[in-house]
């Protein structure tokens, strides 16, 4: 699912050399360069940011190092699969990096909390310049990273999804503006689907597997959801069933989108000029523009439940056994601070992880669009330790079934029972 892509850096920051620090005890204290305040603390950081946006993360590290001569951070970048394989054991034994992004799945934090491998951050939270201002994070993100009243992670990055649309197709159809309501959205999608049972142009490119999730937004627009905050399924309730019925019928009967697309399939369809709209994140903008699409970007249309979209984030955490907890917390405070986040947003194309610096990115229309969605963005299956299993074993198969003609209510009822079995809900 991943939000690891994408835009080249536009701020003049020094480059750093990425060196592997994930051997042995990477948290070992550095040699002294002097006494007292002259001692340099070395912090190691493991991430999975291997995409084209890696330069933006490198630049943040370089800027921190240049402005904090007594704290130096070295980032080791490995594939997410390698991080997931190595980090649990190394952190559980106190032999891992000082800082890490354990997974692109926010729910991964529970694995480390349960093994007492991660450091709570509450004593570093506040509104000062050197504190972690958790109140500036979107509510859904702060809540997802707070377990049993303690904050265990900050967002390493944050993305929201918006509506991409093909201006040329809209103009050809006589549609002057992107849809702003759910009713307009449906009407425009139908109008922009051309070719009957075998469309040559689709109104919307929807993905349902190996992708950032798009279908939950369609449920949220209508007031539905998948699971509530007690861990009990609500996907079989009326608001969700009505939404899933509407959109699966649009796919089956009106052929608004191909069935069973992966995220890559959906992007390719839009990039090829064969779909008029797609809901996607900031990483996609450069690809669509490079493909020659006359690209428009708008907020996700508003349904009966009010404005809503998907948020995606990667947790950044501190090893419980780090010998440098104060310096690691200082780094997290800087990383999520206003100056660093404004620079990162401008260079990467991602919105900032804070909701209070929209003015700082207002001159970048694309970033500003994603930032404007932060206050009403929701995390998918937020706060669920078994989110990955619910997604792969229940939700993705459900969408596959109903877009191929299965009865929505009975399929949703079965999905709810499967979710409750996973979460242990006994309602």
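Does residue 116 fit the bill of being loosely packed, with under 15 Cβ neighbours inside 10 Å, in contact (Cβ under 8 Å) with a residue 12 or more places away in the chain and either assigned by TED's automatic domain parsing to the domain that holds residue 270 or closer than 30 Å to residue 99 by Cα (or both)? Considered against the rule, which asks whether it is loosely packed, with under 15 Cβ neighbours inside 10 Å, in contact (Cβ under 8 Å) with a residue 12 or more places away in the chain and either assigned by TED's automatic domain parsing to the domain that holds residue 270 or closer than 30 Å to residue 99 by Cα (or both), residue 116 comes out as yes.
Note on the range 282-310: residues that are modelled with pLDDT under 95 and either assigned by TED's automatic domain parsing to the domain that holds residue 144 or crowded, with 19+ Cβ neighbours inside 10 Å (or both) amount to 4. The sole residue among 351, 315 that is assigned to a loop (DSSP other than H, G, I, E, B) and buried (at least 18 other Cβ atoms within 10 Å of the Cβ) is 351.
Within the range 51-77, the residues that satisfy the criterion of being part of a loop (DSSP other than H, G, I, E, B), modelled with pLDDT of 95 or more and either in contact with a helix residue (DSSP H, G or I) (Cβ under 8 Å, 6 or more places away or on another chain) or closer than 21 Å to residue 338 by Cβ (or both) are 68, 70. Considering (1) surrounded by fewer than 19 Cβ atoms within 10 Å (Cβ to Cβ); (2) in contact (Cβ under 8 Å) with a residue 12 or more places away in the chain, say which one residue 326 fails and leave the rest. Unmet condition: (2). Does residue 356 satisfy being touching a residue at least 40 places away in the same chain (Cβ under 8 Å), under 30 Å from residue 68 (Cα atoms) and either touching a strand residue (DSSP E or B) at 6+ places or on another chain (Cβ under 9 Å) or not assigned by TED's automatic domain parsing to the domain that holds residue 206 (or both)? Criteria met by residue 356.
May I ask you to verify whether residue 229 is surrounded by fewer than 17 Cβ atoms within 10 Å (Cβ to Cβ), part of a loop (DSSP other than H, G, I, E, B) and modelled with pLDDT of 95 or more? No: the conditions fail for residue 229.
The values are calculated or read from the model by the stated rules, or taken from the named source; none is laboratory data. Just so it is clear, the model here is predicted, and its values are computed rather than measured. Glycine also receives a Cβ, built like all others from the backbone with ideal geometry; neighbour counts cover every protein chain displayed.
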